[in-house]
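These notes concern the structure reproduced below.
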Amino acid sequence: MLKFKSAILVLAIFTLLGVSGQVAYGDGPGEQQFVVLIDRHAVSESQNNGDLTESFLGLLSMLKDGKQITLATADDGAMRGPVIAGSAEYKVIHRNTLTTLANSSLAPEADLVNALASNLGVLDVLRAAPGSTVYVLTGGDSDALLGEASERLTSILQEFESNGWAVVGVSLPGSSQYAAEFFSLVEAESGDQVFPLSVPEGFKAFSDSILRLDAKGQLAQLGQGSLAPNEILSSSLNIAPASTETTMIFFKAGPSGSLRLKNPSGFEASQGDRALSTVVETPFIVMWKLVDPVPGQWTVDMHGVEGQISAWHYSANKLNLEFLTPNTVPFDQTVPLVAYITDGEKDRITMTDVEVRARITGPNGSTLIHSLNDDGELGDSIAGDGYYSTTMQPLGTEGDYRVNLELFWPQYNHFITSQKMLSAQPFPSLAVDVLHIGRLNIGERTRIATAQVNVNGQPFAVPVDELQASLTTEAEDSGRLEVIPQKLVNQGRAWEYDIYYTAAEQNQYSILLGLNMSYAGRDYQFAYDTMVLSSLIPPIPAEPAPQVVRLATPPTPPAGPTMPRGLLAIPVVLVVALIAAGIYIISRTKPYGYLYNDRGELLVDFKSVPRKAAAAFMSRDTVDGTEIGVGELKGVSFNFSRGKVDIRSSHTDPSVRINNRPLIEGEEASLHDQTWIGTQGKLFSFLLSPMMQAQPGTGDD
């Protein structure tokens, strides 16, 4: 019966007051509704309480501009609205409410529980959408107690919650036990907040809460200070292009003071400019909203204020950043970060003179900043296509990561943000054991590798068609590549596979193993390093010719005056040392061997590499990768000795693989005849003798 009686009461009030409002009927929910339930008795206790209430109503109307608002008083059940905040009708009910509050010195103490029950009926009649809210404004120094009404209040709050509606407390200064018990139940039963009205902390906290709920971010500070009556607080605000509105909010210690605003051209915004702006002035808050503001630096001067003042702002922009990286990512693999800019119509656009950044905060609170680019480098595929990208190194730790995407205009020192959460977790990967690195016999089926699918080291069965192998070769007949499950566990799935290859002719082959599947609610691909195989007939290496070092016999010095034996020993030692050094240098092995690409084309004949005289003499047995003219190998060096050639890498990125085994930075690997070297997607083969072209009719005997 409570709902029914409340609904009749609400409709009667609407009729008596003659306030026009849009009341939604039908099966579906209507609009969101926002009701301010005011305790007139608490407001009338002091002028300060009245000023705080007026400031709160002004702030709410600005933050909820365009929304349906109803202003209600708790003791007499009067309701004004619902009307759209910012409209002419709202200004009427706002002014009438302030007049009523100013003449409420004799208002009785209100029964907030009954009043809240009536508001529940209002929302029910209006079929209010989820997210609708009743703001209960009370406080003061009442000695009344909530008492037995607490059980009924609990029931009412539960009904609010079941409908997706909120009850938010707005607390005036004072020590009212009734208000304290009321707000305590609100927080305990619904989890909704209670905001004490104070300057500036309470008003700012309330503003940030509204902005977060409406996905508008939070207030950013322009400036703050403590002013004497003749001092001015001057602040500047950079407004970015494509801003649809910018709101500046000033929290001040008292009702005095005025505001002056200048646009980027230096002209003062005046009453005549207010067709494109809205100004709300209250005792403790001044708000100025600019619609479609000119981009650039605006300046604000606040003067005539005594005491503390702080200036804040927030902006809305029609541009937005969309994040293409999936919500779940592998924690132990590199992750591509990809974003693009939209103009409000979800159309991708390209922009100049902007920067796109991603601030990623991990579970431990640490933050890394990544710059995304559209220049076709550092992880970006195509320059100028509107997709801003980079490659992020493995996160290393499982958990949730907060991503703040920023579109930054350096010219205006302004940015807009878009937020997203990433969940880092283990993903499937491949462990591959290469079984065959020698020459393939043509026509012979060879097991070249085994592959195991695992997640964080644990076997993970996948459908056979999700483990894929691809082959690249110059051969006309590419042969036959097979992926065979060792044992099917269920529904055509396996976690361990054998890889077979049958070569059809002499050539070189690149084989890539990978996963192509759905995992953790997203498409997922994983690629293992390329394997290199060959069925080429090896050349017969020539034996290196022995090197004979002939030392010339030094001529006998002519007879002359004798020197002291001590002085004579010095040149003798130097001569012996130089001879020994010369013998060591000359005795070191000259470079030998040949380097071919994966098409069998000779790239390097090591014994004929053009070298600087000093390098050829001092580093006779070592050739640096920068000397051979192969850009992909500039980070390695080759060391030659009798019967042995070693290769050393000076870095780990890009990686170098020798016969499908990684070459670790600072360590050496031996090169033998027909050794494969892979790096940066290119394949090279080292041979001791020039490659012999196969003659017709040759094969595997």
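The values are calculated or read from the model by the stated rules, or taken from the named source; none is laboratory data. These numbers were taken from a predicted model, which means no experiment stands behind them. Note that we place each Cβ from the backbone using ideal geometry, even for glycine, and neighbour counts take in every protein chain shown.
A few notes on this one:
- Leading residue by the ranking (surrounded by the fewest Cβ atoms within 10 Å (Cβ to Cβ)) among those in the range 82-101 that are of a type outside the set (A, V, I, L, M) and within 17 Å of L59 (Cβ to Cβ): R95
- Residue, surrounded by the most Cβ atoms within 10 Å (Cβ to Cβ), within the range 67-81, restricted to residues that are within 22 Å of A144 (Cβ to Cβ) and in contact (Cβ under 8 Å) with a residue 60 or more places away in the chain: A74
- In the range 220-261, the residue that is surrounded by the fewest Cβ atoms within 10 Å (Cβ to Cβ) out of those that are in contact with an Asp or Glu (Cβ under 6 Å, 6 or more places away or on another chain) and under 19 Å from T299 (Cβ atoms) is I232.
- Matching residues, the range 616-654, being of a type outside the set (S, T, N, Q) and either under 16 Å from E667 (Cβ atoms) or touching a Cys at 6+ places or on another chain (Cβ under 8 Å) (or both): G625, G635, V636, F638, K644, V645, D646, I647, R648, H651, D653
- Applying the condition of being surrounded by 13 or more Cβ atoms within 10 Å (Cβ to Cβ) and in contact with a helix residue (DSSP H, G or I) (Cβ under 7 Å, 6 or more places away or on another chain) to the range 486-525 and asking which residue is nearest to P463 (Cα to Cα) yields A494.
Rundown of residues vs (1) touching a residue at least 12 places away in the same chain (Cβ under 8 Å); (2) assigned to a loop (DSSP other than H, G, I, E, B); (3) closer than 25 Å to L237 by Cα, yes/no style:
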position	(1), (2), (3)
I309	yes, no, yes
L321	yes, no, yes
D332	yes, yes, no
I341	yes, no, yes
I360	yes, no, no
I369	yes, no, yes
D375	no, yes, no
S381	no, yes, no
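- Selected residue [among the basic types (K, R) and closer than 29 Å to D208 by Cβ] from R348, R357: R357
- Helices (runs of 4 or more DSSP H) wholly inside the range 132-218 that include at least 2 residues being touching a residue at least 60 places away in the same chain (Cβ under 8 Å): 177-190, 201-213
- Residue among G191, G140 that is touching a helix residue (DSSP H, G or I) at 6+ places or on another chain (Cβ under 6 Å), at positive phi and among the small types (G, A, S): G140
- Against the conditions (1) farther than 14 Å from Y340 by Cα; (2) surrounded by 19 or more Cβ atoms within 10 Å (Cβ to Cβ); (3) at pLDDT 90 or above, F415 satisfies every one except (3).
- Selection status of D400, over 29 Å from I210 (Cα atoms), touching a strand residue (DSSP E or B) at 6+ places or on another chain (Cβ under 8 Å) and among the acidic types (D, E): no
- Per the conditions (1) touching a Gly at 6+ places or on another chain (Cβ under 7 Å); (2) in contact (Cβ under 8 Å) with a residue 40 or more places away in the chain, the sole criterion not satisfied by P264 is (2).
- Long-range neighbours under 6 Å by Cβ, at least six apart or interchain, first residue on the phi < 0 side of the Ramachandran plot within the range 229-244, second part of a strand (DSSP E or B) and small (G, A, S): L233/G225; S235/G223; S235/A311; S243/S315; T244/A316
- Residue check, P283 touching a Ser or Thr at 6+ places or on another chain (Cβ under 7 Å), of a type outside the set (D, E), under 22 Å from S236 (Cβ atoms) and not in a strand (DSSP E or B): no
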